[in-house]
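Student: Quick one: the structure is below, questions incoming.
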Amino acid sequence: MKTFVLFCDLKNEPEAISAYIECHKQVDTAILESIRMAGILEMSIYRWSNRLGMILKTNDSFSFENKAKLDLANPRVQEWEAFLGQYQSNLPGTPPHWRWALTEQIFSFTAP
């Protein structure tokens, strides 16, 4: 299993933050199926103010390239991403329309 952590910023507007949270209370089963088909075993999103953190646990064959191909071929995912995009903004220092940025792990601890 692989683990990834990504960050994304929401627009710093209370309405955008509330709407984004509301959208994730009942995610369409087609979206959940697309996540599963990409090899994602677990996905969690956390929020602090207008910053989001996503933790992905994936199978060993998961790749972001393959997920991107699957997403581009799925009209429902494209619709979902466009809809959510209205609430998101770029992280500082990222290219235009860049939403989720992959982080670098700098520390790990495992209890014996």
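Every number in this text was worked out from the coordinates using simple rules, so none of it is lab data. From a predicted model like this one, the values you see are computed outputs, not experimental measurements. Cβ: placed from backbone, ideal geometry, glycine included. Neighbour counts: every protein chain shown.
Student: Return the total of residues in region 28-42 being under 13 Å from the mean Cα position of the chain (by Cα) and touching a residue at least 40 places away in the same chain (Cβ under 8 Å).
Tutor: 2
Student: Sticking with this structure for a sec: Can you pull out the residues in region 41-80 that are closer than 26 Å to Lys11 by Cα and among the basic types (Lys, Arg)?
Tutor: Arg47, Arg51, Lys67, Arg76
Student: Further question on the same structure: List the pairs whose first member sits in region 91-112 and is within 17 Å of Gly53 (Cα to Cα), whose second member is part of a loop (DSSP other than H, G, I, E, B), and whose Cβ atoms are under 6 Å apart, counting only residues at least 6 apart or on separate chains?
Tutor: Trp98/Asn90; Ala101/Leu91; Ala101/Thr94
Student: Could you please find all residues in region 11-61 being more than 17 Å from Gln88 (Cβ to Cβ) and of a type in the set (Lys, Arg)?
Tutor: Lys25, Arg36, Lys57
Student: Continuing with this model, one more query. In region 57-90, how many residues are in a loop (DSSP other than H, G, I, E, B), closer than 20 Å to Val5 by Cα and either without any contact (Cβ under 8 Å) to a residue 40 or more places away in the chain or over 16 Å from the mean Cα position of the chain (by Cα) (or both)?
Tutor: Residues flagged as in a loop (DSSP other than H, G, I, E, B), closer than 20 Å to Val5 by Cα and either without any contact (Cβ under 8 Å) to a residue 40 or more places away in the chain or over 16 Å from the mean Cα position of the chain (by Cα) (or both) within region 57-90 amount to 4.
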